[in-house]
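Let me begin by presenting the structure, written as structure tokens, before commenting on it.
The values are calculated or read from the model by the stated rules, or taken from the named source; none is laboratory data. Source: prediction; values computed, not measured. Note that we place each Cβ from the backbone using ideal geometry, even for glycine, and neighbour counts take in every protein chain shown. Quick note on the areas: whole protein, heavy atoms, side chains included, nothing else; ligands and nucleic acids left out. Shrake-Rupley method; radii C 1.70, N 1.55, O 1.52, S 1.80 Å.
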Amino acid sequence: MRFYYLLFCLALATTLSAQRTPIDSSLTVSFEDYDPPSTLVVPEHPMTRASIPFVDIHSHHWRMGTQDLDKLIGEMDELNMQVVVNLSGRGGEALKGMMDNINKSGYQDRIVCFTNIEIRSIDDPDYLEATLTQLRYDKSIGARGLKIYKSQGMSNTDKAGNRIKINDPRLKPIFELAGEFNWPVLIHYADPKQFWQDHDADNERWLELKLRPGRKRGPDNPASWETIAAEAHDLFKQNPNTNFIAAHMAWYGNDLTFLGKFLDDNPNVNVEIGAVIAELGRQPRAANRFFEKYQDRVLFGKDSYNPGEYATYFRVLETDDEYFPYYKRYHAFWKMYGLDLPKPILEKLYWKNAVRLVGLKEAMWK
Ligand SMILES: [Zn+2]
């Protein structure tokens, strides 16, 4: 009896599907166009300002030597950003110009500069001594850390045209000196792993690669993701007395279990969340468990400085809102969910970990 009933259902289903109107191709909507406003009605708590003062450990202000710092501080006050870390200090006289502007404006406690090094002249006979001299000078005028750009390990080549590896042994004294200075080294290495994958319908960064085709990489362009990441991981191991901050959660924001193991294996490494908030916002429960366990190892960073975009970061980290949009669809075609982080964890993420690593004045938060 049961068998005949199943047979009947199958026949009915076949008849119904045969009667279904064929898809009208003029109604086809492209992936890029299909972005309907959500009809979900749930409580909403948009945030334009962090609930407590925070440090942005990952920011870029290339013209800080001449820019109007009152305007920047005004924007920071609106966001409740107590300290901005300008990673583009450039070093030497460029850094001096920035520090002069900061000191003249009286913002030494609000604006921190990291310095940078030039790597492509690595073959010059005086390269190492000149670079170490520059770093000592940078420290003397107020630099608080070193930023290494992704060009290291990607586009920087020596005079023979060879890619300079991130863990090139000739650079080791530079990282040792940073350790001696107690400077954190914030390093952006590689890029999202999806840039190395085929640019097809299985790639989560399909839209980004369509809009920014220059970001596409391959196993020899300039090397595999695994090769570049392994060089950075070796750098961390080779310099146990230097604190590193791996930018963009070391590109493991979509695999927090692995990131946890990675942090367990590398006690001198911390991470920041710049440009990967959309990874956290799609896994609020797993992210909460991660923050609970690794609360001393994660810092707040944003990367590209655009005051309007911080709102999404605050909302993801601080609210329990559900299914709200991210601001850049090529980073996330999915919606965000708030983590509703407990205040003691939020304080570490927003400022305590940065205060400890950069050596900022804790008094500003009292
Ligand atoms: Zn950056």
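Among the residues of region 347-366, the ones that are modelled with pLDDT of 95 or more and assigned to a helix (DSSP H, G or I) come to 12 in all.
Apart from one condition, LYS150 fits all of (1) in contact with a strand residue (DSSP E or B) (Cβ under 6 Å, 6 or more places away or on another chain); (2) within 16 Å of the ligand (Cβ to nearest atom); the exception is (1). Checked against (1) polar (S, T, N, Q); (2) buried (at least 17 other Cβ atoms within 10 Å of the Cβ); (3) within 16 Å of the ligand (Cβ to nearest atom), ASN167 meets all criteria but (3). Scanning region 232-265 for residues that are in a loop (DSSP other than H, G, I, E, B), open to solvent by less than 10 Å² (accessible area, probe 1.4 Å) and either within 15 Å of the ligand (Cβ to nearest atom) or more than 21 Å from VAL85 (Cα to Cα) (or both) gives ASN239, GLY253.
How about region 134-148: which of its residues are assigned to a loop (DSSP other than H, G, I, E, B) and open to solvent by 70 Å² or more (accessible area, probe 1.4 Å)? So that I can check it myself, show each step before the final result.
Narrowing region 134-148 to residues assigned to a loop (DSSP other than H, G, I, E, B): 141-145.
Selection gives ARG144 alone.
Being in contact (Cβ under 8 Å) with a residue 60 or more places away in the chain and out of contact with any Ser or Thr (no Cβ under 9 Å at 6 or more places or on another chain) is the filter here; which residues of region 333-348 pass it? Of everything in region 333-348, those that are in contact (Cβ under 8 Å) with a residue 60 or more places away in the chain and out of contact with any Ser or Thr (no Cβ under 9 Å at 6 or more places or on another chain) turn out to be PHE333, GLU347. Here region 57-80 is the region considered, the condition is being of a type in the set (A, V, I, L, M, F, W, C) and touching a residue at least 60 places away in the same chain (Cβ under 8 Å), and the residue that is nearest to the ligand (Cβ to nearest atom) is ILE57. Before we move on, is VAL83 within 16 Å of the ligand (Cβ to nearest atom) and either surrounded by 15 or more Cβ atoms within 10 Å (Cβ to Cβ) or among the aliphatic types (A, V, I, L, M) (or both)? Criteria not met by VAL83.
Quick check on ARG282: is it outside any strand (DSSP E or B), surrounded by 20 or more Cβ atoms within 10 Å (Cβ to Cβ) and in contact (Cβ under 8 Å) with a residue 40 or more places away in the chain? Break it down into steps so the answer makes sense when it comes.
Working: outside any strand (DSSP E or B): yes; surrounded by 20 or more Cβ atoms within 10 Å (Cβ to Cβ): no; in contact (Cβ under 8 Å) with a residue 40 or more places away in the chain: yes.
In short, no.
When ASP200, ASP191 are screened for being at negative phi, surrounded by fewer than 22 Cβ atoms within 10 Å (Cβ to Cβ), touching a residue at least 60 places away in the same chain (Cβ under 8 Å) and in a loop (DSSP other than H, G, I, E, B), only ASP191 passes.
Within region 113-129, residues that are free of Cβ contacts under 8 Å to residues at least 60 places away in the same chain reach partners that are polar (S, T, N, Q) with beta carbons closer than 6 Å, at six or more positions or on different chains, in the pairs CYS113/ASN86; ILE117/THR131; ILE119/GLN152; ILE119/ASN156; ARG120/ASN156; TYR127/SER121.
Identify the residue in region 290-346 that is within 16 Å of the ligand (Cβ to nearest atom) and part of a loop (DSSP other than H, G, I, E, B) and, among all such residues, is surrounded by the fewest Cβ atoms within 10 Å (Cβ to Cβ).
So in region 290-346, the residues within 16 Å of the ligand (Cβ to nearest atom) come out as 299-306, 309-310, 313, 328, 331.
Narrowing the set further to residues that are part of a loop (DSSP other than H, G, I, E, B) leaves 300-302, 304-306, 328, 331.
Working: PHE300: 26, GLY301: 26, LYS302: 24, SER304: 11, TYR305: 16, ASN306: 9, LYS328: 14, HIS331: 18.
Only one residue tops the list, namely ASN306.
From the list GLY106, GLY89, GLY97, the lone residue that is over 23 Å from GLY274 (Cβ atoms) and either touching a residue at least 12 places away in the same chain (Cβ under 8 Å) or within 16 Å of the ligand (Cβ to nearest atom) (or both) is GLY97.
Residue count for region 266-279 under the criterion of being part of a helix (DSSP H, G or I) and among the small types (Gly, Ala, Ser): the result is 1. ARG120 satisfies every condition listed in (1) within 30 Å of ALA229 (Cα to Cα); (2) modelled with pLDDT of 95 or more; (3) part of a loop (DSSP other than H, G, I, E, B); (4) open to solvent by 40 Å² or more (accessible area, probe 1.4 Å) except (2).
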